[in-house]
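The values are calculated or read from the model by the stated rules, or taken from the named source; none is laboratory data. These numbers come from a predicted model, not from an experiment. Methodologically, a virtual Cβ is constructed for each residue, glycine included, from the backbone with ideal geometry; neighbour enumeration extends over all protein chains shown. SASA here: full protein model, heavy atoms, side chains in, ligands and nucleic acids out. Shrake-Rupley method; radii C 1.70, N 1.55, O 1.52, S 1.80 Å.
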Amino acid sequence: MSENNIGRPKEENPRNIQIKIKVTEEEARRIDELAEKMGMNKSRLIRNLLLGNLNDAEFLQKVGILP
């Protein structure tokens, strides 16, 4: 790294795509509460939940349980 390269290194696979969803006030409250209990921000919580379930679904598809 040269002297001109200051700051964080560039990520190989940056998270630069946004997906927007709508939730009810109750759902938003539940998300806020769980994120606070888990000590993470809402984006990270939702990403972890979504991608964990996505990985599970892909596994079930590979073993033939899901079409």
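For the reader, a short list of remarks on this structure follows.
- Percent accessible area from carbon and sulfur atoms, the chain, protein chains only, probe 1.4 Å: 52
- Of the GluC sites (Glu not before Pro) in the stretch 3-49, those whose Cβ has at most 12 other Cβ within 10 Å and which sit in DSSP loop: Glu3, Glu11, Glu12
- Between 0 and 90°, nearest 10: helix 42-62 axis offset from the chain longest Cα axis: 60
- Taking Cα atoms only, the orientation of helix 25-38 departs from the longest principal axis of the chain by about 60 degrees.
- Dipole in debye (nearest 20) - the chain, about Cα centre, beta carbon charges: Lys, Arg +1; Asp, Glu -1: 100
- For the stretch 25-67, the convex hull spanned by the alpha carbon atoms encloses 82 Å³ per residue.
- For the peptides 13-21, 57-65, residues were scored by their other Cβ atoms within 10 Å and the scores averaged per peptide; the highest-first order is 57-65, 13-21.
- The mean accessible area for residues of the chain, using a 1.4 Å probe and ignoring ligands and nucleic acids, is 104 Å² per residue.
- Within the shell defined by Cβ-Cβ distances under 15 Å, the residues around Gly64 carry a net charge of -1, with Lys and Arg each +1 and Asp and Glu each -1.
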